[in-house]
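The structure under discussion appears below in the form of structure tokens.
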Amino acid sequence: MKLNKIFILPVLVLFSWSIYAQDSFKTDDIYDIKSVSLSDVSHDGSSLIFITSQADIKEDNFNSTLYFLDLKSGKKELLLQSHGGGGLNFSSVKFSSDSKSIYFLSSGYKASGKNNTQVWSLNLSNRIKRRLTNFDGNISDFDISEDGSTIAFIGRKKSEDQDKIKTPSPIVIDRYQFKRDYEGFLGNKRDHLYVFDTKSRIEVQITSGQRDHSSPSISPNGESVAYMTKEGDFDRHNNWDIFIKDLKTDESPRKVISKNDEDFSITYPTRPEWSPDGRRIAYLHGGDHSMLWYALQQVSIIDLETGDIDFITEEFDRNTSLPQWSSDGKNIYFILEDDMESQLLKYSFLDDSSKEVTPENMHLSGYSRSYFVTNNEVIFQSSTSNTPSEIYHLKEDQINALTSVNKEFIKNKLIGSTELISFQSFDGLTINGMMIKPHDFDPNKKYPLIIRIHGGPVSQYGRYFDFDWQLFASSGYIVLVTNPRGSSGRGFEFQKSIFANWGIEDSKDISAALDFALDLGYIDENKLGVGGWSYGGMLTNYVIAKDNRFHAATSGAGISNILSGFGHDHYIREYVLELGTPWDNLDTWLNVSHPFFNADEIVTPTLFLVGEKDWNVPLIGSEQMYQALKHLEIPTKLIIYPNEHHGLSKPSYIKDRLDRYLEWYEEYLSR
């Protein structure tokens, strides 16, 4: 496969906003900065819809606004507003094929008392909103045919009379995986596929049984719907398959089978993407299932007639995602995750070549839809290291900003510079990262250091805007962010290197980052901090249990006694695949539990933070490490955020976490 670079002259006026800046970043800024997300682009490419969200200090929630933008006139119109728990909430917004309406998911107006999430429509000419479905439960995903006659959706029916029960019934558990973050205990209600006729308003259930279904995708001719599910004991494996239901017959859905019955190796369910002629489907091939998230996710193509699979991104040895076909089916676009970069690429079936479409310094998300291609023009959402996310238009190798939702906010801020760094770890392996410096950095001065560690573990820090990094830099810290082994963006061998070996060698990469920083000459060796969230919190614990040079640490949503996670968090099948069972492989479990069983080696004052209802990395992980350090009389504190899950959702809690970071580092790094 050939990879060609195309050179683009981006017109990014946003970069000049901070020339006259005077203000440092503060934790109160979380109420001023906005997020923006690209929802959809009309089929003719003449308009787009996008959502902005902003924290509301009074309601302690986030207000979202849906906008329509006419690309020819530049006129922007407000379509919907949701005020936290009030107003008409909305998600999964998309255009109709004729661009005259939009469809979205909503549970309706708060005052209506109807809490079920349904599919709604909004007529763009008269602004009339209409609830289309009347499903007896909640709809989580949907697709609509090009002629608007059919809606395929994923729904979970409500438990009988659950709204009328005053005293909850006992929780009866008989599933292998019985917990999931944001859902709590799992019952036997499953996500099934339904088809809804918008004219007759008849709803038909397509799937049944004790397994979940996801990612409905209606074929271009409207005659079939593809979706994903798992066969066998649903809770015990992550082997997803693609099924297709013929909507014109009563035949049962058929499983898509490759030539020679080769495994599709789909580790995570994503929407099957039909080619324009309906003969092929693009999907994410996930490699060996036993490698879990360490396996690469690679955009691949299955021919539905022959069963041939074309692994078009295999040679990259990188994660690829979010495929979109060109209208003529001759090309397919996708996101390539490379070393601290995440770009849009275009693959040509004519000559088996790929070329970069967006520049390397503009970061596109590979997790949620961040671009749309229409008529060889690209609308995409991106951020850079010094510019928050905005929406851009790429046409004839020129990039122009379509939104400026954070212009007023960012133009007054003193942006810390971001530099790419590389250093050698203990075994000679090169580790890459970035360093963010205060806006008024002086190499002749000494600065306190904070090393931030990402979660995952298989993810990476990239060249995007991060509020926390700028906040720390504004507070006078040098911020070092790095991608130790186990991170994505460096290929399969790199990201699988910590399989069943958490915290052993990657903790040494963090110590090597500290060595690198100290050799620069402007880091105060007596003011060294470290911290992270999720696996970043876990790795923080590994680091301070092995390296006593740090003077302050913040460990968020982590676990160190991995034995305590078995049957308590939602990773049961992942534990067994990676570590085996504790009774069969106790040494492996103890090896990855090093910080807890060696807590007496820790001397670093450590702040632990966690959500009360986090079933991803539960409260017990932070409780145990807090208790261990408290017993050992090491300065420590435990912060628990009521009713929160793995990711904090309340603005006041998000601000509180940032305040506590700063206060903790200030207390122990200012001495």
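The values are calculated or read from the model by the stated rules, or taken from the named source; none is laboratory data. Quick caveat: nothing in here was measured; it's all calculated off a predicted structure. Using ideal geometry, Cβ is built from the backbone for each residue, glycine included, and neighbour counts are taken over all protein chains shown. The protein model used for the area step is the full one, side chains on, heavy atoms only, and it has no ligands, DNA or RNA in it. Shrake-Rupley method; radii C 1.70, N 1.55, O 1.52, S 1.80 Å.
Points to keep in mind about this one:
- Here's how it looks for Tyr447: its modeled amide H is under 5 Å from those of Ile523, Asp524, which are all 5 or more places away or on a different chain.
- Global form of region 48-94, assessed from the alpha-carbon gyration tensor, a/c cut-off 1.5: prolate
- Computed from Cα atoms, the angle from the helix 619-631 axis to the main principal axis of the chain rounds to 10 degrees.
- The shape of region 286-390 comes out oblate: with a ≥ b ≥ c from the C-alpha gyration tensor, a/c is at least 1.5 while a/b does not beat b/c.
- The chain: relative contact order as a whole-number percent, Cα under 8 Å and 6+ apart: 11
- Dipole of region 493-645, positive end: most advanced residue of Phe499, Pro635, Asn541 [Cβ charges, Cα centre]: Pro635
- Cα-based shape type of region 206-336, given that a ≥ b ≥ c are square roots of the gyration tensor eigenvalues and the cut on a/c is 1.5: oblate
- Database remark: amide H of Ser459 closer than 5 angstrom to the amide H of Ser488 (H placed geometrically; neighbours at sequence offset of 5 or more, or on other chains; Pro and chain starts carry no H).
- Per residue, the convex hull spanned by the Cα atoms of region 49-198 measures out at 157 cubic angstrom.
- Rounded to the nearest 20 debye, dipole of the chain from Cβ charges on Lys, Arg, Asp, Glu: 2040
- Value of relative contact order over region 141-259, rounded to a whole percent, pairs C-alpha under 8 Å and six or more apart: 23
- Accessible area expressed per residue, the chain, with surrounding protein chains retained (probe 1.4 Å, Å²): 43
- Fraction of accessible area attributable to carbon and sulfur, the chain (%, probe 1.4 Å): 46
- Beta-bridge orientation, the chain: approximately 80 percent antiparallel, per DSSP, counting only bridges with both partners inside.
- The chain, helix-only ellipticity at 222 nm - DSSP H runs n ≥ 4, -39,500 (n - 2.57), divided by all residues, nearest 500: -4000 deg cm²/dmol
- Per-pair calculated FRET efficiency, R0 = 56 Å: Phe185 and Asp44 via Cβ, rounded to 0.05: 0.75
- Extent along the principal axes, Cα only, for region 506-547: 31, 17, 14 Å, with the longest axis given first.
- Between 0 and 90°, nearest 10: helix 506-518 axis offset from the chain longest Cα axis: 60
- Under 5 Å from the amide H of Ser91 lie the amide H atoms of Leu105, each residue being 5 or more positions distant or on a separate chain, with H modelled from the backbone and absent for Pro and chain starts.
- Within region 524-562: backbone nitrogen closer than 19 Å to the Lys445 label point (7 Å, Cα to C-beta): 524-529
- Taking volume of the Cα convex hull per residue in Å³ as calculated from this structure, the corresponding entry among [x] 193; [y] 172; [z] 290 is [y].
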